[in-house]
Amino acid sequence: MRSPRRFRHAALAALSAGVLLAAAGCDSAGDRTTKGTTGTAEAKDVLLQPLAEPGPGPFTRSTVRAAPSPSPTRSPEKDDGSATRTVHRVSGAVPGLYGGVRSEAACDVGQQARLLTGDRDKARAFAETAGIEAVQIPGYLRSLTPVVLRADAQVTNHGYSAGAGTAFQAVLQAGTAVLVDSRGLPRVRCACGNPLGEPVIAKGQVTHRGERWPGYDPARILAIEPGVQPVTGLVIVNTADNTWIERTVGDDGGRDRTPDDPPPFEPSDDLLFPSPARPSEPEAPEATPSAPAPAEPEQPQCPDPSAPDAPAELPPGCPPPMEPDPGTEAPDDFDGMPTDEPWELEDEPGAVPEPTQVFPGEPDEFDEFDEFDEPVDSGVPEPFAG
């Protein structure tokens, strides 16, 4: 028989093992949720990428020409929890979405093409992600426009791993140098040579990981969408003197000029919260006041001429009384309502009944009597011979 002390020790050991297994299960669940499923299945990981950070799996080294901004502040590797944020969708054709320096390109496009085509595996992976052939990479890059972001923007970034591109969601810091297409959509990040695509905005909570920078606000993130139609030039902000620049698509800044029709707002206006001079929707045109319709003349009150108290003279504008025509006779009144029975004609001497079928205006089909063997009896008695 087992002693009470031994039974108590066995129970404590079993309870301790159960607690350890439960803790191990939590740890395993925590490991499985390191990709952003912490707390809810809808949560996603979004990597914060400062200006100078190449990020995971860069395709090339940096080809940024502009000097980087001050280094961002470090944050813990893992977030405190899921951040509440707001993503603002904006068209890539909006003036002032991008910036740059007049006559200066933000990226070295030629160097970027040489770095990508110098590695066959990376060239093939880049081309597959961009939807082109590897031999088209130089021409594809030259068709893009080097600019910098003027607000934090989320994109679908693609790192290079095991000979293929790996997609992940990332928020690029304002000031990041990118190459954009003719619809204003970022296509390449110049700090790492990674191909970019439209962002995937997850519903629910989103966990932000990586390095935070001064001024980062999860409620002020852009999601850039392609413009409705391609454009030949992008209206950007000159970051050197805060003026407008029109940069030709596919040009490195050598043909920069002042736009002929500048936007109706200042380059310093907020992209997310426009000023009164920059309405979000076009105002409806004011209606032109029309001339008042001419007033109709008042009709006189005409009395009934047949009334006993009618005046001898009618007011001006009243019609004269109608006098009956002596040559007309009043219609006879019916003694009663008509019936459905057929009318009977009174027999008169010498009356001849009319034919039952009469077709006036039709040709006489019986002129030729030789078509009949016997004469036709019309029913009318022939007159006596005199």
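The values are calculated or read from the model by the stated rules, or taken from the named source; none is laboratory data. Worth saying up front: this structure is predicted, and the values here are computed from it rather than measured. Cβ: placed from backbone, ideal geometry, glycine included. Neighbour counts: every protein chain shown. Note: accessible area is taken over every heavy atom of the protein model, side chains too, but ligands, DNA and RNA are not part of it. Shrake-Rupley method; radii C 1.70, N 1.55, O 1.52, S 1.80 Å.
Computed quantities for the displayed model
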read-out: Which listed residue is at pLDDT below 95 and open to solvent by 40 Å² or more (accessible area, probe 1.4 Å), from G210, G215, G131; value: G215
read-out: Criterion violated by E198 - all others in (1) modelled with pLDDT under 95; (2) under 25 Å from the mean Cα position of the chain (by Cα); (3) open to solvent by 50 Å² or more (accessible area, probe 1.4 Å) satisfied; value: (1)
read-out: Enumeration of residues in region 265-296 that are modelled with pLDDT of 75 or more, over 20 Å from V180 (Cβ atoms) and open to solvent by less than 90 Å² (accessible area, probe 1.4 Å); value: F265, S268, D269, D270
read-out: Answer residue from region 220-234, given it is under 18 Å from V87 (Cβ atoms) and not charged (D, E, K, R) and is farthest from the chain's Cα centre (by Cα) among those; value: I221
read-out: Test: residue in region 174-189 that is more than 24 Å from the chain's Cα centre (by Cα), in contact (Cβ under 8 Å) with a residue 60 or more places away in the chain and part of a loop (DSSP other than H, G, I, E, B); value: yes
read-out: Residue ID - most open to solvent (accessible area, probe 1.4 Å), chosen from residues in region 135-190 that are among the small types (G, A, S) and within 16 Å of A105 (Cβ to Cβ); value: S143
read-out: Matching residues, region 220-264, being under 18 Å from A170 (Cβ atoms) and open to solvent by 30 Å² or more (accessible area, probe 1.4 Å); value: R220, E225
